[in-house]
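Coordinate-derived values only; no laboratory data. No experiment lies behind these values; they were computed from the predicted model shown. Glycine also receives a Cβ, built like all others from the backbone with ideal geometry; neighbour counts cover every protein chain displayed.
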Amino acid sequence: MIIQNSPALIPLLLLASAISIPLLAIRKTGIAYVTAAAAAFCAMAISAFNTYRVWESGPITYHFGGWIPPIGIEYVLDPLSAFVTLVVNVVAFVVLCHAGGLKDREITEKATPYYSLVLLLLCGANGMILTGDLFNLYVFLEIFSLAGYGLIGIGEKQAPVASFRYLIMGTIGASFYLLGLGFVYIVTGTLNMADMKTMLPLLYGNPAVTAGLTLIVIGMGIKMALFPLHGWLPDAYTYAPSTSTALIAPIGTKVAAYVILRVLFFVFDVKFVDQTLPVTDLIGWLAAGGILFGSVMAIAQREMKRMLAYSSVAQIGYIGLGIGLANPLGLIGAVLHILNHAFMKGALFLVAANLRKNAGHSDISKLDATYRNRLPWSMAAFTLAALSMIGLPPTAGFFSKWYLALGSIDKGNWVFLVVILLSSLLNAVYFFRVLEKVYLLPPTDPEAGKALPKLARRRAVGQEEYSLMIPTVVLSFSLLLLGLWNANIVKGILQRIIPPGM
Amino acid sequence: MTDPDLYISVLPFYAVIVSLAAVPLILMSTRRANLREFWTLAASLVKFSLVFALLPGALEGRVAVFTFWEISPGIALALKADTLGVFFALIASGLWILTSFYSIGYVRGLDEHKQTRYFASFAVCLSSTMGIAFSANLLSFIFFYEILTIATYPLVIHKETKVAIDAGRKYLVYTLTAGVLLIAAAAWTYRLTGTLEFQAGGLFGDLSLSPSVVTTLFLLFLCGVGVKAGIMPLHSWLPAAMAAPTPVSALLHAVAVVKSGVFGVVRVVGFVFGPELMNQFGLSTMLALCAGVTVIFASLLAFRQDNLKHRLAYSTVGHLSYIVLGAALLSPASLVGGLLHIANHATMKITLFFCAGAIYVAHHKEKISELDGIGRAMPWTMGAFTVGAVGLAGVPPVNGFLSKWQLGLGALQAGEVLPLAILVVSGLLNAGYFAPIVYRAFLKKAAVPYEHGEAAPAMVVPLVFTALLSVLLGLNPDLFFHFYRLANIISGSILGGAGP
């Protein structure tokens, strides 16, 4: 029955449609986009269904080809993986809806390979989340990364360089992961996560385990852009095409964060990573550094996409900090922030994309009040997402902050508490800087004001196209719902993911 | 202390939501100014009647509760219209009606830009103020408190001049910092007690806490709510925020926003820490000291201001600390006095701000040194101004006298003489900085005769009304709203039935 196969359905469907796009779109390149959007929609629907199944009847495991693990590859749908796939696929679908309005601008002739790569990226991301096999995870990681390099390199003039840098760093990261996995495999003889979990407690004194875990964390830390391993991120996000950034920023780093979380708490033991080999502490402190560094760097940026990229470094820090706390509230904060940040950053990068489409640039120093008249809804979406980034109620960002603050106090780590709260103020600085310009700065160039009404007359709502405006607004305004109903998410899903022993 | 009689009611919810519901209507009627203003007025009238409907219950000690849903496991977004909440909500919603009429006169008189944004933000502010008044727990309180911070911002920068934008920045720096400190305090409290529910007499129960923890926690709370309450040295956003249009200064920076801060102080003192903890760890002395210093310094600084609104702002800072002082002394009469001053200062100060706005609209004058002889051009306005000024100096029969009297009594009940001295000195200082204004207005001759007379009736009627209200409440504090009875009930509940 196809329903019983639903855990494996998402990666397979995405992979199949990615491969078939070049064939389908031989005659008409327009089909490429339609196929990609349709596939993303199906992936979203299936992951919603999966989440419902897990919510109803608990974790589901799926054995590929009927092979029993540890020989065969196992897929695991537990509340955590079901939840994160749902987040990834919803955001991806909304971003792809938005891409429909952009496609004529940045990737004119390359639409076919582009959308094929988009689906490969999603396939890799979903696979990494769903798989219960550490080597299979590596395979999906490579699919995900290679597609990502392509998606970034297709952008502006500097994009290939940024992409090459990401490729070098990313490959080092992936190699570290593989090497670490090799170490662990040598002593355990298994690649299956559940299997390894039962064996590891016997081997905690073994230096190979220590080395393996360290290498895995470093490797994934690079992919996750954990400070100070974030060097590839700002350039890559800035020069990539808008759709790529809006896709990779909310999804890419989160998936790596998810892998770290999965490996630390579900393969290794909480006690081991917290006390015997305090990896979580290290991650927490690096993340705290990243939060401050990213926020300060974001304040210094003039280009909006670059500012948002540095802000991503900071926000990844929130997730890292939650992991570093290694207690239930920290974990809830981290996973909730995966959701919240995906929506916030998605919305913000879509606004940057709308700006570029409409004005040809997203340079903060050139913004003034005419942009508000041109793009009223985008700017409203930006405002709401910014308030959420600052962490003001009733938006979702407030509650990430709340759980992380509770977690820090629970752990007795006052420095983390200060960092979280300080970061919220730093966020206010760089977002209000933009908001002030967009809403209050009168245009310096009188010509700019004159040219606007001519264009504005064409459309009713400023100059916004509905196909670009609606996805942006949907992502941004869902932050209100996510905030107000966060307790349902936390109680229904996140409290169930807390690993035993935490 | 008996448990209050709780009953589930949607009234608090409606009272909060009604002005929020008016926001889309206001935004949709941008092009039809009269319809837009109708929504504001309708919302303010409905809001006030809803709050008024809660009054009988509050007087009988019955408490309306309404729970939305959980916003964090174990903590719900919940409203509870207890006596203190109803007390504050009555003042804010009642004065909103007058401010709405006045606002219409003001923005039309000056032909202000972006009036829709103005009225919409105003409505959101009032919603969050009601939310603050009725919050049943600390997280709900923070929830509405932060919304109020953001909703006030567009009003502060309304003029969009350099001064206004700088004032907006300053305002955000102060209030957002306060917000995160409050979050830290709430999170910490939650870890210690496992509850955030406000409880008359304190929520820490018989938890044994070390002095350093209690003091740090109290300081966090104090900075959190103290910024909006204008406790020195956290006050300096308030004079800067006078860059806002005058109705905003009148309602928000004399009533809703700053009183939310003071209300927060009362909540923290009476419902989070409770009298026992406050006295045991010397927190009340600390708070009283801050308040006393603020009262004196703010009054002294007020002398230096030539801008009328700035002088009023410093006067506000001083008077807010009267209330804080009343809360800090924690004697029955001082609490009653402090609470009464929430209402009394509101009616008096809003009168003064209304007058400042009327002068600005009719004659475009903002400086005190330019007001020579204006009393003849605007007899009603300046008459009302005199009533408010006399009241703030604490002269009967205006209501300012009553709250000051109670505060003085309270100081003696607490066995302290210093607060009494501070009150007396501050009264003299108040008289000192208001007298020159009245003197110039009525006794000096204008260098150039005034071209206009009074401002539009939409402005003059509300300000005369609030002046009249100040006098009436001074003659009978239980008039209409039973402020005195409410204050006694609240004071009794905080002190555990030991009220007068």
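A few comments on the model shown:
- Filter result for B:Val86 (within 13 Å of chain A (Cβ to nearest Cβ) and either under 24 Å from B:Phe52 (Cβ atoms) or in a helix (DSSP H, G or I) (or both)): no
- Test for B:Thr215: is it β-branched (Val, Ile, Thr), within 12 Å of chain A (Cβ to nearest Cβ) and in contact (Cβ under 8 Å) with a residue 60 or more places away in the chain: no
- If only residues of region B:57-81 that are within 14 Å of chain A (Cβ to nearest Cβ) and crowded, with 17+ Cβ neighbours inside 10 Å are counted, the one that is nearest to A:Leu484 (Cα to Cα) is B:Ile71.
- Selection count where residues are on the phi > 0 side of the Ramachandran plot and surrounded by 24 or more Cβ atoms within 10 Å (Cβ to Cβ), scope region B:319-376: 1
- Residue in region B:96-119 that is surrounded by 20 or more Cβ atoms within 10 Å (Cβ to Cβ), within 13 Å of chain A (Cβ to nearest Cβ) and of a type outside the set (D, E, K, R) present: no
- A:Trp55 passes every criterion in (1) part of a helix (DSSP H, G or I); (2) surrounded by fewer than 15 Cβ atoms within 10 Å (Cβ to Cβ); (3) more than 25 Å from the chain's Cα centre (by Cα); (4) not hydroxyl-bearing (Ser, Thr, Tyr) apart from (3).
- Looking only at region A:405-428, residues that are under 19 Å from B:Lys170 (Cβ atoms) and more than 9 Å from chain B (Cβ to nearest Cβ) come to 2 in all.
- Verdict on B:Val258 being under 30 Å from B:Ile350 (Cβ atoms), touching a helix residue (DSSP H, G or I) at 6+ places or on another chain (Cβ under 7 Å), crowded, with 22+ Cβ neighbours inside 10 Å and within 14 Å of chain A (Cβ to nearest Cβ): no
- Inclusion of B:Ile150 among residues that are over 16 Å from B:Ser249 (Cβ atoms) and assigned to a helix (DSSP H, G or I) is warranted.
- Of the residues making up region A:228-254, those that are hydrophobic (A, V, I, L, M, F, W, C) and surrounded by fewer than 24 Cβ atoms within 10 Å (Cβ to Cβ) number 2.
- Pairs with Cβ under 7 Å, 6+ apart, first in region B:31-42 and assigned to a helix (DSSP H, G or I), second of a type in the set (A, V, I, L, M): B:Arg36/B:Ile26; B:Glu37/B:Ile104; B:Trp39/B:Ala22; B:Trp39/B:Leu25; B:Trp39/B:Ile26; B:Thr40/B:Ala22; B:Thr40/B:Ile26; B:Thr40/B:Ala123
- Of the residues contained in region B:381-392, none is found to be in contact (Cβ under 8 Å) with a residue 24 or more places away in the chain and more than 22 Å from B:Ala431 (Cβ to Cβ).
- Of the candidates B:Leu54, B:Leu84, the single residue that is in contact (Cβ under 8 Å) with a residue 12 or more places away in the chain, surrounded by 15 or more Cβ atoms within 10 Å (Cβ to Cβ) and closer than 23 Å to B:Ala254 by Cα is B:Leu84.
- Which listed residue, of B:Leu139, B:Leu126, B:Leu181, is in contact with a helix residue (DSSP H, G or I) (Cβ under 9 Å, 6 or more places away or on another chain), buried (at least 22 other Cβ atoms within 10 Å of the Cβ) and within 12 Å of another protein chain (Cβ to nearest Cβ): B:Leu139
- The set of residues from region B:218-232 being assigned to a helix (DSSP H, G or I) and in contact (Cβ under 8 Å) with a residue 12 or more places away in the chain comprises B:Phe218, B:Leu220, B:Phe221, B:Leu222, B:Cys223, B:Gly224, B:Val225, B:Gly226, B:Val227, B:Lys228, B:Ala229.
- In this structure, A:Leu441 qualifies as over 20 Å from B:Leu181 (Cβ atoms), in contact (Cβ under 8 Å) with a residue 60 or more places away in the chain and within 10 Å of another protein chain (Cβ to nearest Cβ).
Let's see how each residue does on (1) free of Cβ contacts under 8 Å to residues at least 12 places away in the same chain; (2) surrounded by fewer than 21 Cβ atoms within 10 Å (Cβ to Cβ):
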site: A:Ile71; (1), (2): yes, yes
site: A:Asp78; (1), (2): no, yes
site: A:Phe83; (1), (2): no, no
site: A:Val95; (1), (2): no, no
site: A:Gly100; (1), (2): no, yes
site: A:Gly127; (1), (2): no, no
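- Highlighted here would be helices (runs of 4 or more DSSP H) found entirely within region A:184-295 that include at least 3 residues which are of a type in the set (Phe, Trp, Tyr) and out of contact with any Asp or Glu (no Cβ under 9 Å at 6 or more places or on another chain), but there are none.
- Answer residue from region A:491-502, given it is touching a helix residue (DSSP H, G or I) at 6+ places or on another chain (Cβ under 6 Å) and assigned to a helix (DSSP H, G or I) and is farthest from the other protein chains (Cβ to nearest Cβ) among those: A:Arg496
- Residues of region B:144-174 that are more than 10 Å from chain A (Cβ to nearest Cβ), closer than 25 Å to A:Leu484 by Cα and of a type outside the set (A, V, I, L, M, F, W, C): B:Thr152 alone.
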